[in-house]
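The values are calculated or read from the model by the stated rules, or taken from the named source; none is laboratory data. None of the values given here were measured: they were computed from a predicted structure. FYI the Cβ positions are ideal-geometry reconstructions off the backbone, even for glycines, and counts take in every protein chain you see.
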Amino acid sequence: MEFEKRLERYRFLIDTAMRKYFENIEPFAPALKDAMVYAAIGGKRLRGATVLAVHEELGGNVEDAIGLSIAMEMVHAYSLVHDDLPCMDNDDTRRGKPTCHRKYGEALALLCGDALLTAAFEAAASSGNLPDSRRLRAIQILANAAGAAGMVAGQVLDLGLDGDLADAGSVARMYRLKTGKLFEASARMGAVAAGAPDDIIEAAGSWGLYFGYAFQIVDDLDDMEAEEEKTTLARVTSCKEAGEEAEKSLRASLEALSPFSAKPSFLESLSSRYLDLLSGRNLQKSSV
Ligand code: GRG
């Protein structure tokens, strides 16, 4: 199946499973439930789709990995809600609509992020017909990548709370933690859920880290004018060098797939799409 059709199918499966999860939340605090749906429904679903695609390409059944996939998207949604708060990036819009705190107020947005983060682990632990050992390993991967060894550490560095981002190396490290780690975890979780051998799990993770790093650079290049005060690789070096760095990383992501006997076509296509974006042949990010 071609890339667009697969991504559309994964998005549908993720949105359906996510809505089902939210329908079953006890109605103790309807405003919280509303905010969670508002924050978590939408987006490109690239991380959740990566979980499903890797799982499926390694012979797994998507139904068994859907809980892990929505867990990944809930963690991502929580990170966006908190990232947008006045104490962090103080953004007014997200996914083409007012940010969660603009719509629901700061306190409820903060709690919505907390609830999405915890919901993620409930979803990961509960659904699908996976052997417990695989599920447990996937949950460990998610927790590790989301927390102090991954995304949260990256956010601390990005906010300048632990030293300067004065050189390209420190910005690159921050990008890998903040954005790369969730893509790495997505690919690893899909492989773990499918019962893949360690070299394939590592190869999938390596693709994710290279891809996620490039994804962040491309996103920053897109937002250069909108986010004038942010420290980005392009500002520490130049747009040209940042673009070259993203291209190098995308090519490395493709090479990382060599241990797979049948190349995972979804991951290959995703890397290729971003190479196209960079080369200016297809500048519409929304088309990915
Ligand atoms: C608050 C703990 C905490 C972490 C926040 C990832 C992150 C860390 C913040 C996001 C800031 C941001 C906008 C970074 C640019 C790259 C990026 C991760 C964009 C958002 O991801 P997409 O484009 O979003 O996949 P959609 O809306 O499509 O899901």
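Once the range 142-152 is narrowed to residues that are more than 9 Å from the ligand (Cβ to nearest atom) and either touching a Gly at 6+ places or on another chain (Cβ under 9 Å) or part of a helix (DSSP H, G or I) (or both), the residue that is farthest from GLY67 (Cα to Cα) is GLY150. I need a count of the residues in the range 71-105 that are within 13 Å of the ligand (Cβ to nearest atom) and under 30 Å from GLN140 (Cβ atoms). Within the range 71-105, residues that are within 13 Å of the ligand (Cβ to nearest atom) and under 30 Å from GLN140 (Cβ atoms) number 20.
In this structure, is VAL62 among the hydrophobic types (A, V, I, L, M, F, W, C), more than 15 Å from the ligand (Cβ to nearest atom) and modelled with pLDDT of 95 or more?
Numbers: among the hydrophobic types (A, V, I, L, M, F, W, C): yes; more than 15 Å from the ligand (Cβ to nearest atom): yes; modelled with pLDDT of 95 or more: yes.
For VAL62, the condition - among the hydrophobic types (A, V, I, L, M, F, W, C), more than 15 Å from the ligand (Cβ to nearest atom) and modelled with pLDDT of 95 or more - is met.
Only a single criterion out of (1) more than 22 Å from SER271 (Cα to Cα); (2) surrounded by 20 or more Cβ atoms within 10 Å (Cβ to Cβ) is not satisfied by THR237, namely (2).
Of all residues in the range 31-51, those that are within 13 Å of the chain's Cα centre (by Cα) and farther than 27 Å from LEU159 by Cα total 3. Going residue by residue through the range 202-219, is there one that turns out to be in a helix (DSSP H, G or I), acidic (Asp, Glu), surrounded by 19 or more Cβ atoms within 10 Å (Cβ to Cβ) and within 15 Å of the ligand (Cβ to nearest atom)? No, because not a single residue in the range 202-219 is in a helix (DSSP H, G or I), acidic (Asp, Glu), surrounded by 19 or more Cβ atoms within 10 Å (Cβ to Cβ) and within 15 Å of the ligand (Cβ to nearest atom).
Is it the case that ALA138 is away from the ligand (no atom under 14 Å from the Cβ), surrounded by 22 or more Cβ atoms within 10 Å (Cβ to Cβ) and either over 16 Å from the mean Cα position of the chain (by Cα) or among the acidic types (Asp, Glu) (or both)? Before the answer, list the steps.
Values: away from the ligand (no atom under 14 Å from the Cβ): yes; surrounded by 22 or more Cβ atoms within 10 Å (Cβ to Cβ): yes; either over 16 Å from the mean Cα position of the chain (by Cα) or among the acidic types (Asp, Glu) (or both): no.
So ALA138 does not fit the description; no.
Inspection of the range 116-132 finds a residue satisfying the criterion of being within 16 Å of the ligand (Cβ to nearest atom) and either surrounded by fewer than 15 Cβ atoms within 10 Å (Cβ to Cβ) or under 26 Å from ARG273 (Cβ atoms) (or both). Might you check whether a residue that is under 18 Å from the mean Cα position of the chain (by Cα), part of a helix (DSSP H, G or I) and in contact (Cβ under 8 Å) with a residue 60 or more places away in the chain occurs anywhere in the range 83-96? Yes: one or more hits.
I'm checking my understanding of the structure. Among residues of the range 220-254 that are under 16 Å from GLY180 (Cα atoms), outside any loop (DSSP other than H, G, I, E, B) and touching a residue at least 60 places away in the same chain (Cβ under 8 Å), which one is nearest to the ligand (Cβ to nearest atom)? Please lay out each step first, then the result.
Taking the range 220-254 as the starting set, the residues that turn out to be under 16 Å from GLY180 (Cα atoms) are 220, 232-233, 242, 245-254.
Next cut, outside any loop (DSSP other than H, G, I, E, B) only: 220, 233, 242, 245-254.
Narrowing the set further to residues that are touching a residue at least 60 places away in the same chain (Cβ under 8 Å) leaves 233, 245.
On the way: LEU233: 12, GLU245: 15 Å.
Applying the filter and picking the extreme gives LEU233.
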